[in-house]
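Q: Below you'll find the structure I mean.
The values are calculated or read from the model by the stated rules, or taken from the named source; none is laboratory data. Everything numeric here is computed off the predicted structure, so don't read it as measured data. Cβ coordinates were reconstructed from backbone atoms using ideal geometry, including for glycine residues, and neighbour counts include every protein chain displayed.
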Amino acid sequence: MKILPQIRAELARELVRQGLSQKETAEKLKLTPAAVSQYLSNKRGKGIDFPEELNIHISQLALSIKSKEIDDRELIKGVCRLCNEMRKTEEFMKVQKSICGFCP
């Protein structure tokens, strides 16, 4: 399972909810406008529900991105933290077990 597209999708959705246009969201996340459009229409970056705690972190990161409080390096660090936290969740482990075949 690829977590990064799902994190990008959630960040894109949150930035749009916070009032950014799709074009602005694409620029902030260093994505193409087409990718943002696909994230918003659930054509990409779907498949797992984020726990509420991670949704809060996503909202906070999106707010920092929107208000220009972080640079590109901090954005990457924030996404990496989200990815690492997601890998620890029970929901991720359920999905991983279903596709892995080796996990207990």
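Q: Only residues in segment 50-79 that are at negative phi and modelled with pLDDT of 90 or more count as the first member; pair them with residues that are surrounded by fewer than 12 Cβ atoms within 10 Å (Cβ to Cβ) and of a type outside the set (Val, Ile, Thr), Cβ under 9 angstrom, at least 6 apart or cross-chain, and list the lot.
A: From segment 50-79, the pairs are Ser59/Arg17; Ala62/Arg17; Leu63/Glu69; Lys66/Gly19; Leu75/Lys30.
Q: Of the numbered conditions (1) closer than 16 Å to Thr25 by Cβ; (2) modelled with pLDDT of 85 or more; (3) not aromatic (Phe, Trp, Tyr), Gly45 fails exactly one; give the number of that condition.
A: Failed condition: (2).
Q: Follow-up question, since we're still on this one. Could you please let me know if Glu85 is surrounded by 13 or more Cβ atoms within 10 Å (Cβ to Cβ), assigned to a helix (DSSP H, G or I) and over 13 Å from the mean Cα position of the chain (by Cα)?
A: It is false that Glu85 is surrounded by 13 or more Cβ atoms within 10 Å (Cβ to Cβ), assigned to a helix (DSSP H, G or I) and over 13 Å from the mean Cα position of the chain (by Cα).
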